[in-house]
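For reference, the structure discussed in these notes is given below.
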Amino acid sequence: MNLEIFTRQLELLELLTGNTDQTVQDICERLDISVRTFHRYIAMFRTAGFELTSAHSIYTILQTSPFYACIADKMQLRSSEVNTMVRLIDRADEADPAIQSLRRKFSNLYGVDFSEQEVRLADHVTAASKQLQRAIKSRRQVVLHDYESPHRQTHTDRLVEPFRLLSATGCVRCYEPASGACKTFKIARIRGEVEVLEQHWEHTTEHVNYYTDAFGFSGEVRHRVVLRLTLLAAQVLCEEFGVKESQLLIDPDNQHRIFATHVCSPVGIGRFVMGLINDVEVVRGKELREFIAQELSRFSNRRGAAEHKAE
């Protein structure tokens with residue numbers, strides 16, 4: 001591979017990681033590439049296993065991508081290394097944006113409290129992660145002792161079945177028998193130890209992962225939707241949301257395209273449909289139709305109220 005092309009692809013990966021404000025056009029101008037080349041690289045990244053989301057021409061590589069999860073596992077710091085980094089960060093200039101960013105990251109991942117003069121670090125976070133990983137590999141239940149719930153303002157012991165360690169976010173995905181639901185627990189909030197039990201998983205079929213649809217929404221449940229698009233709507237879908245042309249079926253009239261997908265929420269795809277209301281037909285999707293009807297009704301009512309007030 002040409003070194004210049006490879007370097008540009010790496011730069012694109014860096015720009016897309018956590019991207020929240022750079023549009024396709026911004027990135028193309030910065031890297032001096034065409035929009036066509038951009039989408040070719042996006043297709044290559046998806047094929048390589050990267051998970052991407054896009055909205056309003058802003059593409060982002062999700063940190064839940066297997067690549068980042070693997071890197072996070074290999075790059076996980078030992079307790080002594082974390083303590084060293086914390087001491088260095090705590091002595092640095094608080095006004096420096098880079099230091100502020102590091103403080104937030106260490107606070108989220110390792111439970112560091114920079115609000116006190118004496119930095120308090122949850123030294124057990126690394127050990128807890130290792131215990132959780134061991135439980136996942138051996139398919140065993142665990143007890144998260146003294147788990148802090150900021151919403152309930154309580155500390156309780158939680159019996160769970162951990163089945164996915166989300167190292168990139170410092171969380172673990174578990175099934176909790178008591179509530180009968182899958183939940184995401186913050187490892188830094190486990191104030192006690194992680195006790196690995198002899199009891200094996202009993203609710204494997206209930207272990208549900210998160211999905212992310214083409215419109216950037218995530219959830220445990222997905223619904224099938226089928227849209228009939230004009231050529232204009234099909235072009236917007238591909239350019240703005242990263243959908244491949246190969247994912248679109250050609251309608252018999254050759255003037256429309258059929259897009260069949262699964263979505264986690266009607267909101268993202270609903271906004272796309274309403275933005276091109278005359279170019280999109282909802283062929284299948286009861287929840288989507290109901291969402292659009294409700295939104296259009298609210299808009300009509302607000303408009304009517306505003307006109308009446310103006311009179």
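Placing pseudo-labels 7 Å out from each Cα toward the beta carbon at Q255 and R46 gives an inter-label distance of 2.7 nm. A Förster distance of 22 Å, applied to the separation of the beta-carbon atoms of F6 and K105, puts the FRET efficiency at 0.20.
Within the stretch 152-257, the proportion of Cα pairs with more than 21 Å between them is 55 percent. For the cross-link pairs K137/K286; K137/K186; K105/K137, the ones whose C-alpha atoms lie over 31 Å apart are K137/K286. Determine the shape class of the stretch 214-276: with a ≥ b ≥ c the square roots of the Cα gyration tensor eigenvalues, call it rounded for a/c under 1.5, and otherwise prolate if a/b is greater than b/c, oblate otherwise. Prolate is the answer for the stretch 214-276, as a/c is 1.5 or above and a/b outweighs b/c.
Subtracting the Cα-Cα distance of S297 and A98 from their residue separation scaled by 0.36 nm leaves 67.0 nm.
Note on T156 and D21: the model spin-label points, each 7 Å out from Cα along the C-beta direction, lie 4.1 nm apart. Test of understanding: extend the Cα→C-beta vector of V208 to 7 Å, then name every residue of the stretch 244-282 with backbone N under 19 Å from that spot. Counting backbone N atoms under 19 Å from the label point, the list is 262-268. Kindly list the residues of the stretch 29-59 that lie in the label zone of L13, defined by a backbone N under 19 Å from the point 7 Å along the Cα-to-C-beta vector. The answer is 31-33, 37-53, 59, whose backbone nitrogens lie closer than 19 Å to the label point. Restricting the stretch 195-266 to chymotrypsin sites (Phe, Trp or Tyr not before Pro) that sit in a DSSP loop and have at most 14 other Cβ atoms within 10 Å of their own Cβ leaves Y210.
Each reported figure results from applying straightforward, stated rules to the coordinates on display, with no laboratory input. From a predicted model like this one, the values you see are computed outputs, not experimental measurements. With ideal geometry, Cβ positions are generated from the backbone for all residues, glycine too; neighbour counts draw on all protein chains shown.
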